Structures are given as C-alpha cells and as structure tokens.
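Accompanying notes for the structure given below.
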Amino acid sequence: MSTSAAAERLLNLLIALSNASHRMTREEIRSTVAGYQKHDPADPPQEAAKKTQAFERMFERDKDDLRQLGVPLRTVTDAVHGDDIGYTIDPSEAALAPVTLTSHERAVISIAARYWNDAELSHAAHTGGDKLGSIAERGSTEAPIAARASLDMGGTLIPLAQAISRRQAVTFRYPSSAGSYVERVVEPWRIVFRGAVAYLVGHDRERAEARTFRLSRIDATAGQSAVSAHGEPGSYSIPDVTTDISAVEKVFPVTARMALRPESGHTLRRRGRFVEHLDGADVFEIAFPDADTAVAEVMGYAGAATLLSPPSLVDVVRAHADAVLEVCRASES
Amino acid sequence: MPANPKKKPSLTQIGRLLGIVAHLDHHGQATFEELADHFGVSSERIKRDVEMLWCTGVPGYHTNDLLDFDPFAYDEGIVKLTNAQGLYQLRLSPAEAVSLVAALAALCESEAAPAAASSALAAVQKSLAHVATVASANATGEHARGVHDALAQAIEAAQAVDVTYVDSRDRRTQRRIEPHRIVVMGAAWYVECFCHKADDYRTLRLDRMLDVVPSDAPQSHPARPGDLSPVPMYDAAIAVRAPGRFAFEDLPGVTVTPQEGHYVVNVGVASPEKIAARILSVGQHVHSIEPRELREIVAAHAKSIRSVHER
C-alpha cells in the first residue's frame, strides 16, 4: 500500500463521514468510500471472507489514524439493531477554530514546537504547530531566540490531557505528606501551567475534594504507565474550575515573608515588597508559584535569608535542614 | 521511556493536504512557490498534493462531488480552490494542545518573551478543548522585559553592555558582557555571552541581572556554538528516596538510576552552592551524599539555615 493511496483513502473517509447526514455503518463505508475493496457478489465464499477480513483490518487502522490526527470519531449504535455500529464525525466539533496567526506568532509556535526533548511531546507539538501554522499569514518565521525544556513530562502530560478530554479517571502514585508514595484516584479537570511548572487540578476520589498535584512529583518510574486510566470514559463532568476558585487557588502563589541580611538576597529584593526593618535585617513579602519553590529558594540563600512565614513552611525548612545534617553526621561516623 | 510516536508518512501527508485546503480557504489563491515556501516542501510536491486533492471528495465521486480547483489558474501556476467539499483543518488533539501550551507557557513565563508569544498562547488556548490553562505569572514583568529588550538590542547592534549581576553566591558584581544569543531553558532565561570580567564565554541568567546599561563598545569576540553546561569541578552521587527525585531532574547532564530502593542522582558539579540548595530543598528524602567535599558544603549550609530558623 503506497503512502499516497493510504492518504487519499483516509481523506475520502474523512470527507464522507463529515458530510454524511447520518451515521455510516461499516458496510456503507466499504461499499461507498473510494479506496476500500468492495464486496463482489461474484466471489466464491472463501474469497469473499478473505476480502472482508482485509477490509476490517484496513478500516481498524484507518480509525486509529483518524483518532491520532485528532478527529473526534464517534461510534453510534442503532437504537433498533443494537449490534449495528455506525460512525460519524461532527465537523463543528472536529474543525480547528479559525485563528489566523501572524507570521510572528507562527514563529513563536515553531520555537514552542522545538521546545521538547521528549519524542512523544516533540512529535505532538510539531503536528499541532503545523495545523495552526497552515492557516497563518505567509511570511518569514525567523525568531532570534531558542527554547529548550529542562525537564520532560511525556509520561504524565499526554495521558492526563487525553484523560481530561475523555472524562476518564486516572490513577498515579504521588508522595504523601509522610514522604512515601500513595496511590491516588483522580478525576482530572484541568492542567494548569505556571511558568515551566505543570499542575493537575482534579477531584481526588478518596479525599472527596478538589486537589492540586504537581506533575513532576508524580512517580514517573513506571514510564508510560505512570498515569493509567481508571474506569470508563465519560464517567464524570468537569465543573467550571475558572469560577470554582477554591480548587485552583491551591496552585496560586504562596506569599512568604522573609528577613534578608543587608547586602544579600538581591534578586528577592527586586521581586518582593519591602515590609519593615527587623533586628538589622530587611523584611520582604515575596510571592512564589508554590511551596516547593519557596522552600528551594530559602535553601539557596544558606542562612542569608530567614523564612518568617507561613509557619508550616518554616517547619519544612527546619525538617529538611535537620535531616541533611543527620545524613552528613552518619556518613562521618 | 515513552515509545516513539508513530510517524506515518501518510499522516504527515494528510496533515499537509488539510493544511493546503485550510490555507487556501483563509487566504484565497496562492502560487505553487508560495505554498511550497509556507509548508516547507518543494513546488513539485505541492503540485502532486493538489492533484491528489482534485481526486478526492464525497461518495459518488462524480464531477460535482470532488474537490475542485480553477483549472485556468492552475495552468498559470496558481492554486485556487473553488470547492472544498466541506473539508477543514482538524482541531488540535489533546496531546498536541497540551504540548504546545506547556511550551508556550514556559516561553511566556519571564514576560521577556517576544510579544507574539502571549498572543500565540491566547490563540492556541482558544483552539483547544479546555484541557489546559495557564495561570498568569506573578513575576515582575516590566523589569524582565527591560532586561530582555536591552540585551536584544545589543545583540542586534553587535555591541557590549554593562550588567549588574548577582552570582550564585548572592554577590553583586559589575561586568561588561558581549551578548550573543538569548536562550530559554525550562522557564529560565539565559544569555550566551562573552564576559570581560571572567575573560571567557559565560551563560548568565536574565533574572539575576539587576541592571543592563548599553555601551558604545562594539563586540570583539565572536559567538560560539551554544553550550549551557559549565565545566564540572567533580562528580557527585546523591541517593534520594523517590519523592526527592524531582529536585534534580532538570540539572544539565544529570542521570537518575534506581538502586536498592533509592534513586542515585549522578551529576557533574560546577557550582556546589547550586547543588547544595537542591539537596537541602528535599532534605528529608536524602539518603546519602558523595563526595565528602560536597557533603561538607551541604552540612555548613544546613547549619547556617538551622541557626536562623530557631523556634
């Protein structure tokens, strides 16, 4: 089967299903869409069975290909004949919203498409970028910057995005507050990005409330099965999380109060808001994207910056420092 | 490791065929050369694509059922779609949408990105099925943009700039640099440059620049191929329990291997302060630290941190 013949058949299938006023059964597809081997009444039964099998295999592959292209192919069962499966594509659902990018925007999209090191994310970003680029203005797409991911999230990002679009719950292993991994069952609602950090907002079934998970903390050692589907697609609906602030709020910044020694914490000073002088130090209020980031930054100042609040994070800072001191002591003895 | 995605040539071709139809639908006619340029293929390839499109359509496949192009224009080398049979460009798949939004969000983070980045992000968000959202960064946009623009202008004019820079030990320094290229790693922005203070090539973080002042001095050192990895002083091996891994995974040249219930992080240490901070940020998950010289720095930092965080 040549590449062109496969592309032509797939295109004809897409046009046929998009234009059909009702669902098309496999038999209708086989007998009307160009490119499939038709049923010939003159064939002896064995020959006919062989051809039917070949059609079934080819059609299965084509369905996979359509889905991979992003086509929302729907399966519809007939109300009267329950086993009679038909297929349909709703063009208003399948079509790209008509956004015409400028050539500058197209340049940025192509930088974004080259961002990933991970093969799967890179491939998806390229094909997605090509779709958006196809309707962009013509013109030069040169841009003077380069971008590269420092961390790859292929194992979690794509399965979560797919689960959200299918409304299918997922399970993954996530560290508990005690530090060990615990299996979580979550109805994923939305992936929220803050800079290069990705979070999942969703409904945690065991805890029976909305929770936020940092993707990089999900146990990714299982590779592709780090996030696995749980239960059937379409098993829940997503509340309007943009109005349900309480769920999303948990990924919004932690505001920390920090005391900075004179002539130190220069970048924090620039980002923060001066509050007061305290015992020879300057107190600033600084927003961090999340608790992990705030703690990591305090640790980087090696004592030149003191975290004053929130108290829960001060406890975390102490606990981490004590634990490391213990490790160092144990190594020396 | 995720399996390699299928890169079927037939799917690549379909992507382009739908692209050509959508492009002509939006922008009217185009020459073979314009389409070839836009889709990054040869004019011959475009010609074969259009000829294939001409043969596809709705079942029946009579003249009126097929996609149609203006034959007279075609003879003049112009592609003009006269009947698309309702064919359209496909929406982004969840994987396509999320991979682009994630990359664009990282690009936009410092707000030093080209202005087109945020409008491109807005456009992508409009066209995806509510899979992902970008929470607006709370950073100091104006300062970041000022730093970025001053560097971009100097790169364009091939001139040096004077920078007030805070190094990884929190020391404020003045240095003259010759900026060559701006690079984003993760969400952090860097400039590859020649630094007169170090008398060598350096990669400096934009968010550590307190001030950038243009100079009239022309650049005297050529750009060299980008390399974000500074020369390591020694190799470190840090054993962590699984929940601590994430703190190390974005370090350049790092490897993380499972070993006897832990993960061993192997990394070349160029800046002990930076690695020490990473170790401390997940201290409760750390099992061992090698070599001793790194351990000593980590212990010293832990003591200082502890001393300013007494109850």
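Please treat every number below as a calculation from the coordinates, not as lab data. It should be emphasised that the depicted structure is a prediction, and the values quoted were computed from it without experimental measurement. Cβ coordinates were reconstructed from backbone atoms using ideal geometry, including for glycine residues, and neighbour counts include every protein chain displayed.
What is the distance in Å between the Cα centroid of the stretch A:66-110 and that of the stretch A:261-333? Here the answer is 49 Å between Cα centres.
In this entry, the stretch B:9-83 is assigned a mean projected area of 4.9 nm², taken as a quarter of its C-alpha convex hull surface.
Applying the Kirkwood pairwise sum to the alpha-carbon positions of the stretch B:141-218 produces a hydrodynamic radius of 12.3 angstrom. For peptide B:37-45, the mean count of partner chain Cβ atoms within 10 Å of a residue's Cβ comes to 2. With no solvent and one equal point scatterer placed on each C-alpha of the protein assembly as shown, evaluate the Debye formula and give log10 I(q)/I(0) for q = 0.07, 0.08, 0.10, 0.12 Å⁻¹, two decimals. Log10 I(q)/I(0), no solvent term: -0.54, -0.69, -0.99, -1.29. Close amide H pairs (under 5 Å, H built 1.01 Å from N) link A:R167 with A:G234, residues at least 5 positions away or on another chain.
Taking every residue in B:293-300 and counting other chain Cβ atoms within 10 Å of its Cβ, the average works out to 3.
When the alpha carbon gyration tensor of the stretch A:262-333 is reduced to an equivalent ellipsoid, its three semi-axes come out at 25, 14, 11 angstrom, largest first. Computed on chain A, with alpha-carbon pairs under 8 angstrom and 6+ residues apart, the relative contact order is 9 percent. Between A:S235 and A:D84, full extension at 0.36 nm per residue minus the direct alpha carbon distance yields a gain of 52.0 nm. Taken residue by residue and averaged, Cβ atoms of other chains lying within 10 Å of the Cβ of A:184-194 number 4. Computed from label points 7 Å out along Cα-Cβ, the spacing between B:R171 and B:A157 is 3.1 nm. In plain terms, if you count all Cα to Cα distances in chain B and split them into 10 Å steps from zero, the share in each step is 5, 18, 20, 22, 17, 10, 6, 2, 0 percent.
Taking every alpha-carbon pair in chain A and binning the separations at 20 Å intervals from zero gives 21, 46, 24, 9, 1 percent.
Beyond 30 Å in Cα-Cα separation lie the following of the pairs B:K197/B:K274; B:K126/B:K274; A:K51/B:K47; A:K63/B:K47; B:K47/B:K126; A:K51/B:K8: B:K126/B:K274; A:K51/B:K47; B:K47/B:K126.
The aspartates and glutamates within cross-link reach of B:K303, meaning a Cα-to-Cα straight distance under 17 Å and a gap of 8 or more places when in the same chain, are A:E297, A:D315, A:D322, A:E326, A:E332, B:E273, B:E293. Once both labels are positioned 7 Å from their Cα atoms along Cα-to-Cβ, the gap between B:M233 and A:L278 label points is 3.3 nm. When you filter the GluC sites (Glu not before Pro) in the stretch B:5-112 for DSSP loop state and at most 15 other Cβ atoms inside 10 Å of their Cβ, you are left with B:E76.
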